[in-house]
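Comments concern the structure below.
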Amino acid sequence: MSFLSFLSEAQVEDVKVRKGGGGGARKPWNPDEESLAIRVWKDGSVYPSKALVARFDLEYPDVTITKGELWPYSEEYKKEYEAKQAALPEDQRKPLADRYKPSLYEPISGKPGNGFDVIDSRHWGSYKGAGNMLFIAPVGKDQTKVDLFGGTKYTEDGKPMSSVMDQGSKTYGEEMLDSLKAVYGIELTDEKPYVDLLIIDEIEDGGTIININERFSKPVALFPKTVKRGKEAGKPDTERRENAVVYALLPADMMQAAPDGKEEAKEEANATV
């Protein structure tokens, strides 16, 4: 029996909606160009393949930057700041710097491009199944809490400082490494410095074709997240996504190509799920 046999029974329930209310040039950072895959390195950095960037519009766009307006401090804050400065030696005192509201970054093409949400089924409240796996879903870069390839820094003239191909995103790195170990039994080391994960829409398992997109995508989804900042940092959270298309995210060495080109589960694959 395949390690993915549980998918024949697994499903995602509808969300009940309430109405109202870095790298060197010689190192193979990226997966094979033609694969639809991401390569995860032992330090948590993630690189996409060339085909994946093209298929899901992952590249960072040129933007027009509109600097935010001056954001005045309250009189109360200014008094507190002045009192703290007065208590310091004169040579350590600093004037209160101007602050501005966040700048507006608008894609010149009108399209923000996409990043990815990574979904660990262990923490996905809507997921119902006898085994666990990782999923992935493209989501606009202009959305909040995008796990992979959500943003980059820009030059003053609106050019991205790095391509998505060589950025080496680590925004989700620690969680990704934990999920790989817990779900697929994969631990990256000096001997195994990276793993390629395939983005798959269909799997053939024992003669049965499982359409991942149809089975696990819903009009409304609450994807699992982790609070990153503040007093609640580290605690579980969710983010609502509408019409997100869900794909399987599976280790390449656990899959094999079927004669018709579909991905097929290896019979001898990891039995931890």
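The values are calculated or read from the model by the stated rules, or taken from the named source; none is laboratory data. All values derive from a computational prediction rather than experimental measurement. Note: ideal-geometry Cβ built from the backbone for every residue, glycine included; neighbour counts use all protein chains shown.
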Inset, instruction - Would you be able to say whether some residue in the range 179-199 is crowded, with 17+ Cβ neighbours inside 10 Å and modelled with pLDDT under 90? - result: no
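Could you please let me know if residue 59 is in contact with a helix residue (DSSP H, G or I) (Cβ under 9 Å, 6 or more places away or on another chain) and of a type in the set (Asp, Glu)?
yes
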Legend entry - Qualifying residues in the range 71-122 (those that are aromatic (Phe, Trp, Tyr) and assigned to a loop (DSSP other than H, G, I, E, B)) - the one farthest from residue 222 (Cα to Cα): 73
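Conditions tested, residue by residue: (1) surrounded by fewer than 20 Cβ atoms within 10 Å (Cβ to Cβ); (2) at pLDDT below 95; (3) among the aromatic types (Phe, Trp, Tyr).
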| residue | (1), (2), (3) |
| --- | --- |
| 111 | yes, yes, no |
| 116 | no, no, yes |
| 129 | yes, yes, no |
| 138 | no, no, no |
| 149 | no, no, yes |
| 153 | yes, yes, no |
| 164 | no, no, no |
| 174 | yes, yes, no |
Inset, instruction - Within the range 171-193, identify whether any single residue is under 23 Å from residue 143 (Cα atoms) and part of a loop (DSSP other than H, G, I, E, B), and answer yes or no. - result: yes
Inset, instruction - Test residue 210 against the stated conditions and say whether it is touching a helix residue (DSSP H, G or I) at 6+ places or on another chain (Cβ under 6 Å), assigned by TED's automatic domain parsing to the domain that holds residue 56, outside any helix (DSSP H, G or I) and farther than 24 Å from residue 42 by Cβ. - result: yes
Inset, instruction - Would you check which residues across the range 222-250 are farther than 21 Å from residue 46 by Cβ, touching a Phe, Trp or Tyr at 6+ places or on another chain (Cβ under 7 Å) and assigned to a loop (DSSP other than H, G, I, E, B) and list them? - result: none
